[in-house]
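Undergrad: Next up is a structure, given as structure tokens.
All of the numbers you see were taken from the coordinates with simple rules; none came from a lab. The structure displayed is predicted, hence computed values, not measured ones. Glycine also receives a Cβ, built like all others from the backbone with ideal geometry; neighbour counts cover every protein chain displayed.
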Amino acid sequence: MSIRVGLNLLYLLPGHVGGTETYGVSLCDALARSFPWAAFSIFINLESGSLPLPRSPNVRIVQCPVRARHRAARHLFEQIHLPRLARELNLDLLHSLGYTGPLTCPCPSIVTVHDAHAKRTSSTAKRLARLILETLSARRAHTVIVPSRFSRQDIARELGVPPKKIFVVYEAPKSVGRTAPAWNCRDVLQEYQIRKPYLVAFSSLSPHKNLSRLMRAFEVVANSCEHNLVLVGHGASASVAGLSGSAAATRVTALGYVPDDRIPAILSGADLLVFPSLYEGFGLPVVEAQMYGVPVVCSNAASLPEIAGGGALYFDPLSTGDIAAKTVECINNPALREKLRREGSVNVTRFSWEKAAHDTMSVYLRVLRSQHVEPTDWSTEQVGLPCNDRLG
């Protein structure tokens, strides 16, 4: 083995951290498969024992006696005990995949910061503490990885991180169920009592997901179209409650949390994905919808135009009227929907976990070079160093 890499997944609470769970699990798997000559130690918490992490000869799973749900204890473990483990395992570098990492470490450290959302919502003491730790982690790390060029600019500005130490590595859709068989779709839709035709949207307790405006927009859409609305994710019931007394409320199905293996069928059966988010570092649901051939109508904010490309019809997320108008336009225009499907299927080919793994390994090797470490079992051609533009 030429290098020893630690992968810090202590942040990961299965079923609760959304896109960062997809990122952590998928990147670990792709790194292990793509680089059998590297040794990976994956640090997980007590809740994550059943995660589908790679079980290959070059991977060691280190389950730590801490729970992600107890955030303060997890951060304390990360600051005190994780550096000790890195020293004992003689790691060449440590990569923390969920916003925060050790502020002092015996080896070079890398942290992935998915967005600067904490800076925009630090209105409570708990959020302020998180912001301080995220900011210090990013500033103290040797290198910061981000999922989009938008995030690179935003994190440099909001967290005060020098742009030269921030590198862009695009994420990708979940690898499960790239096609959803027709029989599976029927069974899943029946299981969740989903009525066709329908639009699908992803719900969250976070205000930046903009579900309140989507609900008001759907009241307009429901007056001119026969479509129902299916909400997937935490906070869906609370979103529907905002429609109390409205006729549109009877046409909204709030599913709550849905297991990953059901998502392909629910997405595949939809006529549209409507994604009104005000702020995204990447926006995984958009590229997942494109992967399943679902037309996308989404916000023109933050990273979404960069990620969705030509495979989406964009609206102003601050305008309920524009959300409704663009959604109705897409529903009523089959040619437009077909165009979005076609361009979305082309756009999504830009993203894969294999590409992400190669780009991430390239960052690792740059960091090691900067520390005057030259692993012997690799070459630029082997690893596939991406161009400087891709890295930021």
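Undergrad: Report, largest value first, the span of the C-alpha coordinates of region 253-324 along each principal axis, in whole Å.
TA: Between the extreme Cα coordinates on each principal axis of region 253-324 lie 31, 24, 21 Å.
Undergrad: Taking Cα pairs under 8 Å and at least six residues apart, what relative contact order does the chain come out at, in percent?
TA: In percent, rounded to a whole number, it is 15.
Undergrad: Using a Gaussian network model on the chain with a 10 Å cutoff between Cα atoms, which of GLU280, GLU191, GLU47 fluctuates the most?
TA: Checking each option, the largest mean-square fluctuation is seen for GLU191.
Undergrad: For VAL230, list long-range residues whose amide hydrogen, built 1.01 Å from N in the peptide plane, is under 5 Å from its own amide hydrogen.
TA: Under 5 Å from the amide H of VAL230: LEU199, VAL200, ALA201, THR253.
Undergrad: Moving to a separate point now. Take the Cα atoms of the chain, build their convex hull, and give its volume per residue in Å³.
TA: Convex hull volume per residue, Cα atoms: 135 Å³.
Undergrad: Here is a follow-up. Starting from the Cα-Cα distance between GLU354 and ARG139, subtract it from 0.36 nm times their residue separation and give me the gain in nm to one decimal.
TA: Going from the current span to full extension adds 74.6 nm.
Undergrad: Mind giving me the nanometre distance, one decimal, between the label points for LEU76 and GLN63, set 7 Å out from Cα along Cα→Cβ?
TA: Between LEU76 and GLN63, the label points sit 2.3 nm apart.
Undergrad: I've got another one for you. Is the shape of region 286-335 rounded, prolate or oblate, going by the alpha carbon gyration tensor and its root eigenvalues a ≥ b ≥ c, with a/c under 1.5 for rounded and a/b larger than b/c for prolate?
TA: Oblate shape, in that a/c is at least 1.5 and b/c is the bigger or equal ratio.
Undergrad: Can you work out the Karplus-derived ³J(HN,Hα) for every residue in region 68-80? Use 6.51 cos²θ - 1.76 cosθ + 1.60 with θ = phi - 60°, whole Hz, and x for glycine or proline.
TA: 5, 5, 8, 4, 4, 5, 5, 4, 5, 4, 4, 7, 9
Undergrad: Mind counting lysine pairs for me in the chain? Cα separation below 24 Å, and the two need to be 8 or more apart along the chain or on different chains.
TA: Within the chain, the lysine pair count is 13.
Undergrad: Mind checking Rg over Rh on region 182-350, alpha carbons, Kirkwood formula for Rh?
TA: Looking at region 182-350, the ratio lands at 0.92.
Undergrad: Helix-derived [θ] at 222 nm for the chain: sum -39500 (n - 2.57) over DSSP H runs of at least 4, divide by residue count, nearest 500?
TA: Using -39500 (n - 2.57) per qualifying helix, the result is -12500 deg cm²/dmol.
Undergrad: How large are Rg and Dmax for region 20-163 when calculated on the C-alpha trace, in angstrom?
TA: Calculated on Cα positions, Rg and Dmax stand at 15.2, 46 Å.
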